[in-house]
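The values are calculated or read from the model by the stated rules, or taken from the named source; none is laboratory data. Here the structure is a predicted model, which is why all the values come from computation and not from measurement. Neighbour counts are summed over all protein chains in view; Cβ atoms, including those assigned to glycine, are modelled from backbone coordinates with ideal geometry. Just the protein is used for accessible areas: all its heavy atoms, side chains included, with ligands, DNA and RNA removed. Shrake-Rupley method; radii C 1.70, N 1.55, O 1.52, S 1.80 Å.
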Amino acid sequence: AALSGAAQSEPDAPEGAVMCTAWNAEGTMFACGTTACKTHVWSVEEAALRSEAPGALAPSAIRGAPMAGGHLHDVTSCAFSHSGAFLLTSSRDGQAKIWERGSMGKKQQQRKSEKKERAWRLRGVLSTPADAEALRRQARARRGPVVYAVEQAVWSRDDSVVVAAMSDFTLRAWDAQSCVLLHTMRLHTNKVHVLQCHPFDPRVCVSAGHDGRVAVWDVTRGQCVRHYDGGEFETLVLDGSWSPCGSRIAVSDEKGQWCLFGTGCGGSLSRAKHEQFLECEFVPEAEIARDAATGFLALAADPDTPFHAQFANGRNRLVDSLGNPYGEPYQSAFRARRLIAANVPSSGVRFEPPAPVGDRAAEEAAANR
């Protein structure tokens, strides 16, 4: 089902369950969205955060802020803008909403000693109207218009664009100021589970999902810049992230594998072993003891030493999928926390990561037919 484009069925969360959480950039406010169609926001006193005194961060230092409105269905994601002035929420009701903090009323200004939080009020609604292609599909199937859920929504780096992943496997981009829909972007054939904007380039975001595809987008033009198709490996991408420098993307799948994509030729990474496991992962279960009181693990032969300490200080080794340790210089590189060792020749036979698919690749494929 994952490769055929069918939606993944998920059990309904219990009423009032927390679906998502987010901190603002300063760490002074956090929010959560629930299945009760509501978003809750709290603020933390800065003095309590700066203080190192025991008990400074008491419950009295955390105050709730009222929300002037909500959604009609589960809140699927929430995110503060990078400036901290706005809060973005998305929902299965097919809408994303931008909230801003209201100004203090006259009575509050007169009573400044009264510690009350300003309410968050609705600034704009990012609606998701069905586009022409979706309407044509529904007309052929003789169905009425369908409202697609917003699975998650994120801010661009400069807070000028909001990008959302929809339940119809498309991505949509809005102008955050005018709340006007800019682009509907199609590529994925299953649920988009990873959506993250570039750490400093406001034009770029990455998406990945249960179809095994990883895509880099230019959200200002609504175009896919490059995508990697892992569908041939029949894998579902579950998580992913940009590196802090913005030059690499790491994604992981449900088989426990991860792929690293980045700029440059990647010649140095080609020397790395494809299978990289830790020796501690291959300890037989019969040799492991668990403390009944604390739940801590240890080797049965030495129960007084915690399990992780048994493999500390260089005693853990890098092994393949059968538990066979690699030779030097791979072990030295591993102990030095480097992915590869210098001057190691590239292996002749190895599994390759998903091949990039772009305009040039499409032209070459067409020429070879």
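Find all pairs meeting these conditions: Cβ atoms under 6 angstrom apart; at least six residues apart or on different chains; first residue within region 54-81 and free of Cβ contacts under 8 Å to residues at least 60 places away in the same chain; second residue in a strand (DSSP E or B) and open to solvent by 60 Å² or more (accessible area, probe 1.4 Å).
Partner pairs satisfying both residue conditions: I62/W42; G64/W42; A68/R121; G69/L122; V75/M19.
Of everything in region 271-289, what is assigned to a strand (DSSP E or B) and modelled with pLDDT under 80? Give them in sequence order.
none
Determine which member of the set S241, S321, S268 is hydroxyl-bearing (S, T, Y) and at pLDDT 90 or above.
Within the list S241, S321, S268, the selection yields S241.
Which of the residues spanning region 38-58 are assigned to a loop (DSSP other than H, G, I, E, B) and either closer than 14 Å to L88 by Cα or of a type in the set (F, W, Y) (or both)?
First, the residues of region 38-58 that are assigned to a loop (DSSP other than H, G, I, E, B): 38, 45, 51-58.
Listed by number, the list holds a single entry, K38.
Could you check how many residues of region 208-239 are on the phi > 0 side of the Ramachandran plot and open to solvent by less than 30 Å² (accessible area, probe 1.4 Å)?
Of the residues in that region, 2 qualify.
Kindly indicate whether any position in region 244-255 is closer than 21 Å to V150 by Cβ, open to solvent by less than 60 Å² (accessible area, probe 1.4 Å) and at pLDDT below 95.
Checked against the condition, which is being closer than 21 Å to V150 by Cβ, open to solvent by less than 60 Å² (accessible area, probe 1.4 Å) and at pLDDT below 95, region 244-255 yields no hits at all.
Would you check which residues across region 115-161 are in a strand (DSSP E or B), modelled with pLDDT of 95 or more and touching a Pro at 6+ places or on another chain (Cβ under 8 Å) and list them?
The answer is V161, and nothing else.
Using the structure shown, decide if A333 is over 26 Å from G209 (Cβ atoms), out of contact with any Ser or Thr (no Cβ under 8 Å at 6 or more places or on another chain), in a strand (DSSP E or B) and modelled with pLDDT of 80 or more.
For A333, the condition - over 26 Å from G209 (Cβ atoms), out of contact with any Ser or Thr (no Cβ under 8 Å at 6 or more places or on another chain), in a strand (DSSP E or B) and modelled with pLDDT of 80 or more - is not met.
Which one of the conditions (1) closer than 25 Å to I98 by Cα; (2) surrounded by 13 or more Cβ atoms within 10 Å (Cβ to Cβ) does A48 fail to meet, given that it meets all the rest?
For A48, the failing item is (1).
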